[in-house]
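As structure tokens, the structure follows; a few thoughts come after it.
None of the figures in this text is laboratory data; all of them are computed from the coordinates on show. Since this is a predicted model, take the numbers as computed values, not measurements. Here the Cβ is made from the backbone with ideal geometry for all residues, glycine too, and neighbour counts use every protein chain on show.
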């Protein structure tokens, strides 16, 4: 790879952004979605601008919430490429390859089961009440970081819910953490003004880029095979997935499987989420 090329991958969620606290902001048919879209686009552009100012030459932005069409394409910095739309393979890290130098997670929220976590969930709040990896209650941040780590790409920065700080300190202490909000309840949070959030993101990007230049970043790994437990909100999902030969039934709501790679783990989680969503639709439409 050309030594003059530095590629950054930015994965952007909504629930960890300041100004986003209500379900009225989370989907295109919600009454306040346009506000969340404006916030996301503005903060992504801030990160992008700072990355270019710190030596990165190519940037891919992965729109990674819900239907994954949240960023306003018309207002997005014209220097970047973007991946949008759902479903897509490997969800929030789709398109990430070994060619990238660093990953930046923006707007990430806390894991399902986090007390006071704003809009807390892991991949699908409708399907999963918790996901555990090697006995760790895992967030999307942790699992996506494992996926990046297997590609040899370090996570340079995480910006989002304050309740992710402990995960960073415990498992990825080299990653720059920028808190953008702190939960009061599932639907309430403290957060700074948008201008303050922008300044914090710019400082975070500068620090992360400095670490990258000085060799201060590492890739994230856990012991393999990964031992994964999926705890569902509806026992019928476990009833259906019990027939899948990779699954071991643990109790009414939980199945367990092993994965030799984060790629396989994330793929299985995605399929389980699809099954759970289909069952939720089935139950809601029984006449």
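Summary of values
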quantity	calculated
Distance histogram for the stretch 226-284 (every C-alpha pair counted, 10 angstrom bins, percent rounded to whole numbers)	24, 57, 18, 1
Kirkwood-based shape ratio for the chain, expressed as Rg/Rh from alpha carbons	0.96
Length released on extending from residue 213 to residue 126, taking residue separation times 0.36 nm less the Cα-Cα span	27.2 nm
Choice from 119, 51, 74 showing the highest fluctuation, given a GNM over the chain with Cα pairs closer than 10 Å	74
Theoretical FRET efficiency, 1/(1+(r/R0)^6), r = Cβ-Cβ of residue 188 and residue 233, R0 22 Å, to 0.05	0.50
Long-range tail of P(r) for the stretch 137-287 (Cα pairs > 28 Å, %)	37 percent
Beta bridges per DSSP with both ends in the stretch 7-213, % antiparallel, nearest 5	15 percent
Per-q log10 I(q)/I(0), the stretch 9-82, q = 0.16, 0.26 Å⁻¹ (Debye; single scatterer per alpha-carbon; no solvent)	-0.53, -1.20
Rounded to whole Å, sorted largest first: equivalent-ellipsoid semi-axes of the stretch 89-195, Cα gyration tensor	22, 17, 13
Full-extension gain in nm, residue 287 to residue 169, via 0.36 nm per residue minus C-alpha separation	37.5 nm
Debye equation applied to the C-alpha atoms of the stretch 13-136, log10 I(q)/I(0) at 0.20, 0.23 Å⁻¹	-1.24, -1.48
Degrees between helix 140-150 axis and first principal axis of the chain (Cα, 0 to 90, nearest 10)	70 degrees
Computed over the stretch 184-264, the ratio Rg/Rh where both radii use C-alpha atoms and Rh is Kirkwood	1.21
Per-peptide average of other Cβ atoms within 10 Å, ordering 256-266, 17-27, 152-162, 210-220 highest first	152-162, 17-27, 256-266, 210-220
Within the chain, helix-based [θ] at 222 nm, where runs of 4 or more DSSP H residues each add -39,500 (n - 2.57), nearest 500	-10000 deg cm²/dmol
